[in-house]
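**Student:** After the structure tokens below, expect a handful of questions from me.
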Amino acid sequence: MDTLDLMKDSIPKGLRAVVTGAGGGLGRAYCLELAAAGARIVATDLNEESAKETARLVGEAGGEALGLVSDVAKWESVEAMASQAEEFLGEVDLLVNNAGVAVRGTVDGTSQEDWDWIMGVNVWGVVNGCRAFLPKMRARGTGYIVNVSSIAGLVSPPNLAPYNVSKAAVVSLTETLYCELAGTKVNVCVVCPTFFRTDILNSGRGEMDDEVLERVGAVMDRSRVQAPEVARRSLQTVFRGKLYCIPMGKGLLGWRLKRLLPRWFHGWLMARGARD
């Protein structure tokens, strides 16, 4: 695709996209948003059955998709997936680095195994995706990358140390890319949502007892902004060439308060952490 017919608030027609962590939740929502615009998609997930189910749903929604297995934490797996994606799509216009996991715990109370696991998926997964697809986007002079972070990567709430650190790394990586790609037509954005209904708790590790799961699940269900809207808003953001997408109002308010009143904001976070 030499040029993209982009109208305000719309998805370019004929888009060719790769979405990681596409087996459910936000990843599947990205695929279905893209499918509605007739996109061709490679939907990747660690779970083959889930990836293929997303591909089937994309077909029903008007798009065309291939479901692939990929372990984003491993460079060799991402490299192989990128090769398969290019065979199916030709060129890749859009990469959505969505795959992610959660670990709840403190800095010193989290096991080495859990630190390694979350950094592998949440950080190396995004780095590997960018390294696999960015060089050809640069060479073509066009492309879009969406990196999924979290409001936790901006405000660092207590008792979520591994998750905060991994998501802050995604923010930093995307900000760095934004500067490095200045003057090109390769756009990057980082999306930092708060709570919405997703599958991430089902695979979470660390201090995830039934009480925590119930409390967080209730907050997710109450959110007015759910996965389809997060996907839609972040796609609009990257197509407009903007860096940050913070789709929930409370998240945006929290980020602004942190920057304006950091001492007060951290005191408020510590008080909340003590209650949790």
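**Student:** Which one is modelled with the highest pLDDT, of the residues in region 233-251 that are outside any loop (DSSP other than H, G, I, E, B), over 17 Å from Y30 (Cβ atoms) and not small (G, A, S)? Don't jump to the end; show me each part of the working.
**Tutor:** At the first step, the residues of region 233-251 found to be outside any loop (DSSP other than H, G, I, E, B) are 233-239, 244-245, 249-251.
Those left that are additionally over 17 Å from Y30 (Cβ atoms): 244, 249-251.
With not small (G, A, S) added as a condition, the list becomes 244, 250.
On the way: Y244: 97, K250: 90.
Only one residue fits best here, namely Y244.
Condition check ((1) among the hydrophobic types (A, V, I, L, M, F, W, C); (2) closer than 27 Å to L160 by Cα; (3) under 18 Å from the mean Cα position of the chain (by Cα); (4) surrounded by 22 or more Cβ atoms within 10 Å (Cβ to Cβ)) across all residues:
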site: G21; (1), (2), (3), (4): no, yes, yes, yes
site: L26; (1), (2), (3), (4): yes, yes, yes, yes
site: C31; (1), (2), (3), (4): yes, no, yes, yes
site: A61; (1), (2), (3), (4): yes, no, no, no
site: E86; (1), (2), (3), (4): no, no, no, no
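**Student:** Looking at A99, A55, which is the one that is modelled with pLDDT of 95 or more and either assigned to a helix (DSSP H, G or I) or within 17 Å of L134 (Cα to Cα) (or both)?
**Tutor:** One residue alone meets the criteria, A55.
**Student:** Still on this structure, please answer the following. Do we find a residue being closer than 15 Å to C189 by Cβ, in a helix (DSSP H, G or I) and in contact with a Leu (Cβ under 9 Å, 6 or more places away or on another chain) anywhere in region 113-126?
**Tutor:** The answer is yes; a qualifying residue exists.
**Student:** Just give me the residues in region 139-153 being part of a helix (DSSP H, G or I) and exposed (fewer than 15 other Cβ atoms within 10 Å of the Cβ), in sequence order.
**Tutor:** The one that is part of a helix (DSSP H, G or I) and exposed (fewer than 15 other Cβ atoms within 10 Å of the Cβ): A139.
**Student:** State which residue is modelled with the highest pLDDT when the search covers only region 255-276 and only residues that are among the basic types (K, R) and closer than 14 Å to N159 by Cα.
**Tutor:** The first filter runs over region 255-276 and keeps only residues among the basic types (K, R), leaving 256, 258-259, 263, 272, 275.
Add one more test, that the residue is closer than 14 Å to N159 by Cα, and what stays is 272, 275.
Values: R272: 74, R275: 55.
Here the residue is R272.
**Student:** Report yes if some residue within region 214-232 is closer than 17 Å to G100 by Cβ, surrounded by 13 or more Cβ atoms within 10 Å (Cβ to Cβ), of a type outside the set (G, A, S) and at pLDDT below 70; otherwise report no.
**Tutor:** Checked region 214-232: at least one residue is closer than 17 Å to G100 by Cβ, surrounded by 13 or more Cβ atoms within 10 Å (Cβ to Cβ), of a type outside the set (G, A, S) and at pLDDT below 70.
**Student:** Given the conditions (1) modelled with pLDDT under 90; (2) among the aliphatic types (A, V, I, L, M); (3) surrounded by fewer than 16 Cβ atoms within 10 Å (Cβ to Cβ); (4) in a loop (DSSP other than H, G, I, E, B), and given that A182 satisfies all but one, which numbered condition is not satisfied?
**Tutor:** Answer for A182: the failing condition is (1).
**Student:** Among the residues that make up region 16-36, is at least one of them in a strand (DSSP E or B), farther than 20 Å from R233 by Cα and not aromatic (F, W, Y)? Full working, then the answer.
**Tutor:** So in region 16-36, the residues in a strand (DSSP E or B) come out as 16-19.
Retained after the next criterion (residues that are farther than 20 Å from R233 by Cα): none.
Checked against the condition, which is being in a strand (DSSP E or B), farther than 20 Å from R233 by Cα and not aromatic (F, W, Y), region 16-36 yields no hits at all.
The values are calculated or read from the model by the stated rules, or taken from the named source; none is laboratory data. Given the structure is predicted, the values throughout are model-derived calculations rather than measurements. Glycine gets a Cβ as well: all are built from the backbone with ideal geometry, and neighbour counts include every protein chain shown.
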